[in-house]
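See below for the structure under consideration.
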Amino acid sequence: MKLKSYLKKRQKAFGYAWTGIRTLFGKEAHAKIHLLAMILVIIAGFVFRIDKTEWCLILICIGIVLMAEGFNTAIERVCDKVSPEKDPLIKDAKDIGAGSVLLAVMAVIAVGLIIFIPKIIHLFH
């Protein structure tokens, strides 16, 4: 009986997680932009035949950006609920969250450039 209850709770938890993912990509413009960029990078990975290590780096980078966007969205939603009026600390929290996404994106772009620029250059030689 305990195992059945445990599994039922895990099933519900996964359901909540999938709902969160659908909400993120269904309602957040920036998440949709990141999703489009992810698709383009994956296509580029196949076109340029990146190796296993490069795929691992790309997939980790994609995960980091999508997680950062998800955390930022969650922070913004909570802040908007807790303090709908202007508040300097809420503004700081939201700005820091957005800045964290930007930092993640900049690092990921650097990784992408390191992986793809040599392959692009190779095309022209």
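Each reported figure results from applying straightforward, stated rules to the coordinates on display, with no laboratory input. Bear in mind that the values here come from a model prediction, so they are computed numbers and not experimental data. Using ideal geometry, Cβ is built from the backbone for each residue, glycine included, and neighbour counts are taken over all protein chains shown.
Exactly one of these conditions fails for Leu40: (1) buried (at least 17 other Cβ atoms within 10 Å of the Cβ); (2) farther than 24 Å from Ala17 by Cα; (3) within 20 Å of the chain's Cα centre (by Cα). Give me its number. So Leu40 meets the others, but not (1). Take the conditions assigned to a helix (DSSP H, G or I) and either closer than 18 Å to Lys119 by Cβ or in contact with a Ser or Thr (Cβ under 9 Å, 6 or more places away or on another chain) (or both) and apply them to Thr23. Does it pass? So Thr23 fits the description; yes.
If you go through the range 85-113 and pick out every residue that is more than 19 Å from His34 (Cα to Cα), part of a helix (DSSP H, G or I) and out of contact with any Cys (no Cβ under 6 Å at 6 or more places or on another chain), you end up with 4. Please indicate, with yes or no, whether at least one residue in the range 47-67 is of a type in the set (Ser, Thr, Tyr), exposed (fewer than 11 other Cβ atoms within 10 Å of the Cβ) and assigned to a helix (DSSP H, G or I). Taking every residue of the range 47-67 in turn, at least one turns out to be of a type in the set (Ser, Thr, Tyr), exposed (fewer than 11 other Cβ atoms within 10 Å of the Cβ) and assigned to a helix (DSSP H, G or I). For beta carbons closer than 6 Å, sequence separation of 6+ or different chains, a first residue in the range 27-56 that is polar (S, T, N, Q) and a second that is surrounded by fewer than 11 Cβ atoms within 10 Å (Cβ to Cβ), there are no qualifying pairs.
Of all residues in the range 85-94, those satisfying the criterion of being of a type outside the set (D, E, K, R) and either within 19 Å of Glu28 (Cβ to Cβ) or surrounded by 10 or more Cβ atoms within 10 Å (Cβ to Cβ) (or both) are Ile90, Ala93. With respect to Val78, determine if the residue is surrounded by fewer than 17 Cβ atoms within 10 Å (Cβ to Cβ), of a type in the set (A, V, I, L, M) and within 22 Å of the chain's Cα centre (by Cα). So Val78 fits the description; yes.
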